[in-house]
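Take a look at the structure below.
The values are calculated or read from the model by the stated rules, or taken from the named source; none is laboratory data. Values in this document were obtained by computation on a predicted structure and should not be read as measured data. Cβ atoms come from the backbone with ideal geometry, glycine included; neighbour counts cover every protein chain shown. Just so you know, the surface numbers come from the protein's heavy atoms only, side chains and all, with ligands and any DNA or RNA stripped out. Shrake-Rupley method; radii C 1.70, N 1.55, O 1.52, S 1.80 Å.
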Amino acid sequence: MKQLDPDISRFARSTLAMALAALAATPVLAQTTAGTDDAMPRAQQDAVRLGTITVVGDGAKLGAGQMLKEDAVKGRSTVTKAASEKNLATGTPYQALALLPGINTYSYDATGLFGGGLTVRGFNSDQLGFTVNGVPVNDSGNYAVYPQEYVDQENVCTQSVTQGSPDVQSPHSGATGGNISINTCDPEDKPRFRAGQTLGGLSLTRTFLRVDSGRFAGDRAKVFVSYSHSQADKWKGSGQGKKDHFDAAFRYDLGAGSAILGSMLYNRSVNNNFLAPTLAQLNANGYFWDFSSTFTPGHLTPVAGKAQSETGPSPVYYKLSVNPFENLVASVSGSFKINEDTSLKVQPYLWTGYGTGGNQQAALSETAFLNTTTGKTGAGVDLNGDGDTLDKVIVARSSVTKTSRPGITAEVNKALGDHQLKFGVWFERAEHRQTQPAVPVDANGNPYDVWLRSGHILRPDGSTYEGRDWKTISTAYQAFAADEISVLDGSGVISLGLRAPHVTRDVTNYANEGFTTTYNMKRDFSEVLPQLGMRFNLDRSQQVFMNLGKNFRAPPNFAFTGTNVMLNAATGRVELVTATRAETSIMLDFGYRLQTALYSLSATAFESNFKDRQANAYNSATDTSTYTNAGRVNNRGVEFELGSASFHGFTAYGSLTLQKSRIRDDMNVTKGQIVPTAGKQFALTPEQMIGASLQYSNGPFYAGIKLKRTGTQYATLMNDEQVPAYTTTDLNAGYNFGQLGMLSNTQLRFNVANLGNTRYRNPNSGTVVNAVAVGTTAASTVSYYLGAPRLATVSLSADFN
């Protein structure tokens with residue numbers, strides 16, 4: 001038998017010992033606990049929306065709103081509105097989830113307007129399934145997640161993470177890790193107009209308005225509409241972020257247990273990017289180094305007959321590193337009671353988006369244009385009007401993505417004795433159009449159109465210049481079935497589940513300046529994914545649970561484009577550089593819960609085994625990244641979560657994560673190049689994380705403090721660049737003035753992010769193979785997002801009834 005890695009063996013023994021110690025100690029605690037937990041908040045499956053939960057009880061009564069009592073057969077953690085409404089008003093779901101076990105997250109700035117990164121148990125956000133009101137919102141091409149775009153936190157009721165396997169009905173084709181679910185609140189039962197204003201450092205300003213109709217149409221219907229505008233300066237360099245956001249929702253109760261819910265979430269934002277330096281650049285240029293604030297050197301004075309080469313500012317000009325994007329998430333969820341034991345849930349949805357991003361500044365050669373007749377580049381266009389085609393001219397060029405993504409999920413639930421049966425299907429067809437046009441830049445460095453919708457630079461034949469031109473049709477469908485069996489007179493549950501996702505990637509590259517050959521690749525990926533879960537109540541307060549499941553992730557569309565393909569000169573066919581397989585994982589959770597009137601404790605041990613884990617391998621010699629197979633990866637660890645009830649006005653929450661991640665195979669970076677990654681730790685997987693929150697409430701006043709400790713982690717798969725551990729602390733406080741004339745629920749809130757002004761860094765990618773290429777002395781290719789300095793804000797809100 002093959003011996004275990006000594007580090008993993010020692011870690012397994014220590015984590016097992018800790019889990020056993022917790023299990024041994026908690027019955028003693030349970031015996032000393034008196035009272036009832038009936039009033040404590042508990043998670044419950046949503047009666048209308050698919051795969052979502054609601055809160056029964058007051059979320060503020062346990063762990064400062066950071067925890068719910070659970071009966072699930074797997075590990076799950078939830079942040080309620082009682083906690084998120086005290087956070088910074090411009091915050092994102094990533095920031096709201098930061099203290100939960102298994103969560104490693106950071107934001108590009110304190111406001112949340114610019115986005116951020118997240119991993120769960122070492123799974124990157126593009127390996128997790130994200131849903132908003134049951135709608136999948138991962139990018140249909142590369143599974144990326146953009147947390148700043150989806151919701152206004154004032155409208156959110158629950159934000160949950162399932163750290164292991166997604167639920168059997170989850171509408172995902174790219175989730176080898178767990179699932180994150182964001183759910184907005186229903187409209188209010190009574191008419192209300194709410195207004196809020198936030199001001200803070202970095203010229204932060206935010207206005208929030210919401211109108212609730214209250215019950216009408218015989219008390220069956222209710223509606224809300226909200227709008228917010230937020231903007232703030234960057235914390236380093238020039239530029240800002242602007243965001244306009246609309247939310248709307250309705251509920252119509254049909255009676256007899258049937259209802260229809262609908263929601264529409266629209267976001268439009270334009271953000272200047274933050275420069276992510278390498279470690280060498282950080283040390284040489286300082287913490288606040290960013291993109292150039294002036295367009296110097298700018299355009300050269302055109303001279304006929306002379307070859308001129310514009311370089312532009314370095315780093316690039318900040319107005320030419322912009323991320324404009326708009327998207328819409330719309331859905332209608334219906335739950336229809338067919339008879340006493342049978343119900344039908346149906347949810348059609350639509351996700352649409354358009355935008356661009358990255359660095360737009362580019363020096364375009366006047367002879368880099370595609371001759372659409374010969375199929376080769378070399379055609380000339382006079383870009384600077386000097387009468388020749390000898391020059392390189394600064395333009396604004398970046399990748400544009402336009403997505404239309406309709407889908408539908410349907411599910412039948414049937415109670416049959418001790419069995420709760422569930423059968424359903426999911427279907428989605430996403431059209432993903434990705435181009436790379438260019439527009440002129442004026443003498444002040446302003447692009448003709450920051451959205452790259454108009455003013456395109458044209459080829460000699462009048463067609464649009466395109467640095468890339470891809471069309472991806474991703475068709476996904478899945479059948480799923482589950483049976484939840486009540487055993488031992490209702491004190492236990494056995495859950496059996498099966499889902500069978502199928503994904504077709506139909507990728508077409510139209511001849512463009514980046515790849516002059518038109519080709520089509522169509523690949524099918526499918527898997528049968530079983531799940532087994534159990535939960536047994538030891539007594540009224542204690543339960544144990546276990547879940548075992550297989551997960552699946554189809555390759556992203558870019559695996560069939562760009563540097564991942566090559567033209568075979570002998571056959572004239574376009575081929576993949578490396579074989580592409582679907583990523584799969586086996587996830588095991590087993591745990592213990594102690595849920596009393598005074599506190600709730602959860603302890604979970606987990607193990608995941610990847611097969612064909614995917615990564616982007618960077619080759620410093622050719623300055624290219626290739627989608628490649630990282631082989632087998634093993635993750636294991638333990639998670640603890642503890643929340644207290646209110647004691648003399650104090651409530652507390654804490655989480656602890658201990659984990660190890662080991663790569664089992666050497667990586668084939670390119671044909672013939674093997675990198676010795678076996679035995680290394682996978683990147684972006686801190687070995688220890690601690691989250692803690694303490695809150696005090698007394699009548700209309702509250703104050704709280706949050707702490708997050710993130711242990712050391714590696715930035716590369718070769719473990720040749722380590723990221724230091726760091727701790728951040730946030731402060732919040734507020735006072736409710738109640739009724740003030742025509743105003744009610746008048747609240748003043750104060751927030752401070754990064755109270756200690758901690759400086760830290762996080763890698764912008766977890767799949768860089770090595771900081772310095774094997775056998776070379778090349779500079780590090782790892783770049784970092786840096787922790788934002790302290791930020792203070794004040795918010796005032798009130799209801800007009």
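Overview of results
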quantity: Residue list for segment 303-321, restricted to those being in a loop (DSSP other than H, G, I, E, B) and either of a type in the set (A, V, I, L, M, F, W, C) or surrounded by fewer than 17 Cβ atoms within 10 Å (Cβ to Cβ) (or both); calculated: Val303, Ala304, Gly305, Lys306, Ala307, Thr311, Ser314, Val316
quantity: Tally, over segment 368-402, of residues that are touching a strand residue (DSSP E or B) at 6+ places or on another chain (Cβ under 7 Å), open to solvent by 60 Å² or more (accessible area, probe 1.4 Å) and of a type in the set (Ser, Thr, Tyr); calculated: 1
quantity: For Gly237: the one exception among (1) outside any strand (DSSP E or B); (2) open to solvent by 10 Å² or more (accessible area, probe 1.4 Å); (3) out of contact with any Phe, Trp or Tyr (no Cβ under 8 Å at 6 or more places or on another chain); (4) of a type outside the set (A, V, I, L, M); calculated: (3)
quantity: Residues satisfying the stated conditions in segment 280-302, i.e. closer than 30 Å to Gly385 by Cα, open to solvent by less than 60 Å² (accessible area, probe 1.4 Å) and either aliphatic (A, V, I, L, M) or not in a loop (DSSP other than H, G, I, E, B) (or both); calculated: Ser292
quantity: When residues of segment 504-526 are limited to those that are in a loop (DSSP other than H, G, I, E, B) and within 12 Å of Val565 (Cβ to Cβ), the one farthest from the chain's Cα centre (by Cα); calculated: Thr517
quantity: Segment 533-557 - residue that is open to solvent by 40 Å² or more (accessible area, probe 1.4 Å), touching a Gly at 6+ places or on another chain (Cβ under 9 Å) and of a type outside the set (A, V, I, L, M) and, of those, farthest from Thr580 (Cα to Cα); calculated: Asn537
quantity: Any hit, segment 622-643, residues being open to solvent by 30 Å² or more (accessible area, probe 1.4 Å), of a type in the set (A, V, I, L, M, F, W, C), at pLDDT below 95 and under 30 Å from Ala559 (Cβ atoms); calculated: no
quantity: Unique match (being under 25 Å from Pro41 (Cβ atoms) and open to solvent by 10 Å² or more (accessible area, probe 1.4 Å)) among Asp139, Asp186; calculated: Asp186
quantity: Matching strands (runs of 3 or more DSSP E) fully within segment 685-765 where at least 2 residues are out of contact with any strand residue (DSSP E or B) (no Cβ under 6 Å at 6 or more places or on another chain); calculated: 688-698, 726-740
quantity: Subset of segment 641-672 [touching a residue at least 40 places away in the same chain (Cβ under 8 Å) and under 15 Å from Thr628 (Cα atoms)]; calculated: Ile663, Met667, Asn668, Val669, Thr670, Lys671
quantity: Single residue of segment 774-800 satisfying the filter (modelled with pLDDT under 95 and open to solvent by 60 Å² or more (accessible area, probe 1.4 Å)) that is nearest to Thr207 (Cα to Cα); calculated: Phe800
quantity: Of residues in segment 644-667 being closer than 15 Å to Ala83 by Cα, of a type in the set (Ser, Thr, Tyr) and at pLDDT 95 or above, the one nearest to the chain's Cα centre (by Cα); calculated: Tyr653
quantity: Listing of strands (runs of 3 or more DSSP E) fully contained in segment 141-201 that carry 1 or more residues being modelled with pLDDT under 95; calculated: 156-162, 179-184
quantity: Within segment 470-494, tally of residues that are out of contact with any Leu (no Cβ under 7 Å at 6 or more places or on another chain), open to solvent by 20 Å² or more (accessible area, probe 1.4 Å) and outside any loop (DSSP other than H, G, I, E, B); calculated: 11
quantity: Test: residue in segment 561-569 that is within 26 Å of Asn520 (Cα to Cα), assigned to a strand (DSSP E or B) and open to solvent by less than 60 Å² (accessible area, probe 1.4 Å); calculated: yes
quantity: Only listed residue being within 19 Å of Thr176 (Cα to Cα), open to solvent by less than 20 Å² (accessible area, probe 1.4 Å), assigned to a strand (DSSP E or B) and not basic (Lys, Arg), chosen from Pro501, Pro530; calculated: Pro501
quantity: Subset of segment 69-85 (residues that are part of a loop (DSSP other than H, G, I, E, B) and open to solvent by 10 Å² or more (accessible area, probe 1.4 Å)); calculated: Asp71, Ala72, Val73, Lys74, Arg76, Glu85
quantity: Cross-chain or 6+ apart pairs with Cβ under 6 Å, segment 265-288 first and aromatic (Phe, Trp, Tyr), then part of a strand (DSSP E or B); calculated: Tyr266/Phe246; Tyr266/Leu328
quantity: Residue within segment 243-258 that is open to solvent by 50 Å² or more (accessible area, probe 1.4 Å), aliphatic (A, V, I, L, M) and assigned to a strand (DSSP E or B) present; calculated: yes
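Residue by residue, here is whether (1) at pLDDT 95 or above; (2) hydroxyl-bearing (Ser, Thr, Tyr) holds:
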position: Pro676; (1), (2): no, no
position: Ile690; (1), (2): yes, no
position: Ala715; (1), (2): no, no
position: Thr729; (1), (2): yes, yes
position: Tyr735; (1), (2): yes, yes
